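Here is the structure we will look at.
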Amino acid sequence: MFQRPHLQLLIQRIKEPRRFINVLSGPRQVGKTTLIDQLLEQRVNPSHFNSADEAIESANTMWIDQQWEKARFLLQSTNAEDVLLVIDEIQKISNWSTAVKKNWEADTRNKLNIKVILLGSAQMLLQNGLTESLAGRFEVIPINHWEFSEMEAAFGLTPKQYAWFGGYPGAASLINEEMRWKDYVNNALIETTLLKDILLLNRIDKPALLRQLFDLSCHYSGQIVSFNKMLGQLQEAGNSSTLNNYLHLLDTTGFVSGIPKYYKDMLHQKNSIPKLQVQNTAFISARSSKSYSTVIADPIEWGRVVESAVGAHLLNKAIDGRYKVHYWRERNDEVDFVLKRGDQLIGLEVKSGLSNKAKGMQVFQKNFNPHKMLMVGNTGIHWEEFLKINPGDLF
């Protein structure tokens, strides 16, 4: 079975003598539970695993206390050096962070060596509990969408297949039956995330607007779209503030990001018009009525898919690479992506066709003196090769 690099990191963390709460946070169906299964297969000492899906009816912190007691019983009855406690979908328990903190501190006082891993479907759903109650007690391991090198190694996808079908391992076996693949991604991934991770656990006054915003973002991925223009495209009434909030929710669930414009001034950057960018190109194709063979034969549409694949790769590697992703545009001059780490800037222009004209790169170079300016496409670094690198290594 294919193993993601996160597995070795987890094994290392669990073996360390120091105790931290390890938090695996990421979108649905990117392999968090599979990762835990692989970890438990290699583990010698006792472990206890359970999912808060089992407790959704009671949804109280007593369920967490019960899981902890089972782990303590294992530690005492086996005389093991340590016990691993793993709780999946932790965010579904109300006030989960309070219960985790209480049990963690009790183990610390009583010198009980219980190692803990918490899994959550989205960073936003974990964020408040981590920052408010567990500061100094946890380490986050982000589990992002699968990158091209992983899909190639595990399922033999080509770069073009990856650009269209994206990085969902559970759907990879269906790509030769495209309509069936679309049904799977729409029903098992997109709708499940909307219902369970957003609508069920957040107050959403306009659920139809949220869905329309997601579909609009998939259609316009790679394009700079103002909230006012979005409102003109949407059937459901709303305002810019509501759209901004919903876009943030879509971002934190691993769906769509609103990439900000690069400014030297942080205030202007915060209020900039966003560039819509899917975090997995599977969303573009699943929501499209067109087929892979049709889109790949259209240079303009295929160019947009390739740019979105590059953009998704940049976003998914941003935490690991410790950089921020922006775009830049002034009048008719534009740079597709600007990476920022500390005081260093890298400008990236994506060209999937034969053209290598990029006047915006020259203007950006003159105005900001970046560390590097790179062309990604059929000239410069081939986009297929770019999807294999860690963009953080470019700095």
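The values are calculated or read from the model by the stated rules, or taken from the named source; none is laboratory data. Everything numeric here is computed off the predicted structure, so don't read it as measured data. Every residue, glycine as well, gets a Cβ built from its backbone with ideal geometry; the counts of neighbours run over all protein chains shown.
In table form, for the structure just shown:
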item: Single condition I284 does not satisfy, out of (1) within 20 Å of K182 (Cα to Cα); (2) touching a Cys at 6+ places or on another chain (Cβ under 9 Å); (3) outside any helix (DSSP H, G or I); result: (3)
item: Unique match (being at pLDDT 95 or above and surrounded by 21 or more Cβ atoms within 10 Å (Cβ to Cβ)) among S308, S352; result: S308
item: Selected residue (criterion: nearest to H313 (Cα to Cα)) from residues of the range 253-281 that are of a type in the set (K, R) and assigned to a strand (DSSP E or B); result: K275
item: Test: residue in the range 67-89 that is in contact with a Gly (Cβ under 9 Å, 6 or more places away or on another chain) and either in contact (Cβ under 8 Å) with a residue 24 or more places away in the chain or not aromatic (F, W, Y) (or both); result: yes
item: Flag if V100 is assigned to a helix (DSSP H, G or I), at pLDDT 90 or above and among the β-branched types (V, I, T); result: yes
item: One residue from R4, R28 being farther than 25 Å from L134 by Cα and crowded, with 17+ Cβ neighbours inside 10 Å; result: R4
item: Residues of the range 203-224 classified as among the hydrophobic types (A, V, I, L, M, F, W, C), outside any helix (DSSP H, G or I) and either at pLDDT below 90 or buried (at least 19 other Cβ atoms within 10 Å of the Cβ) (or both), total; result: 1
item: Where a residue in the range 7-18 is closer than 13 Å to R43 by Cβ and its partner, wherever it lies, is modelled with pLDDT of 90 or more and of a type outside the set (A, V, I, L, M), with Cβ under 6 Å and at least six apart; result: L7/Q38; R13/N22; I14/K115
item: Scan of the range 182-200 for residues that are touching a residue at least 60 places away in the same chain (Cβ under 8 Å) and under 18 Å from the mean Cα position of the chain (by Cα), ordered by number; result: V185, N186, A188, L189, I190, T192, T193, K196, D197
item: Among the candidates L276, L234, L243, residue that is more than 21 Å from V30 (Cα to Cα), touching a helix residue (DSSP H, G or I) at 6+ places or on another chain (Cβ under 6 Å), surrounded by fewer than 19 Cβ atoms within 10 Å (Cβ to Cβ) and of a type outside the set (G, A, S); result: L234
item: Top-ranked residue of the range 104-141 - restricted to ones that are assigned to a helix (DSSP H, G or I) and modelled with pLDDT of 85 or more, ranked as farthest from N22 (Cα to Cα); result: R109
item: Condition check for V100: of a type in the set (V, I, T), over 26 Å from L200 (Cα atoms) and in contact with a Ser or Thr (Cβ under 8 Å, 6 or more places away or on another chain); result: no
item: Some residue of the range 250-271 being without any contact (Cβ under 8 Å) to a residue 24 or more places away in the chain, hydrophobic (A, V, I, L, M, F, W, C) and either surrounded by 14 or more Cβ atoms within 10 Å (Cβ to Cβ) or not assigned by TED's automatic domain parsing to the domain that holds K359 (or both); result: no
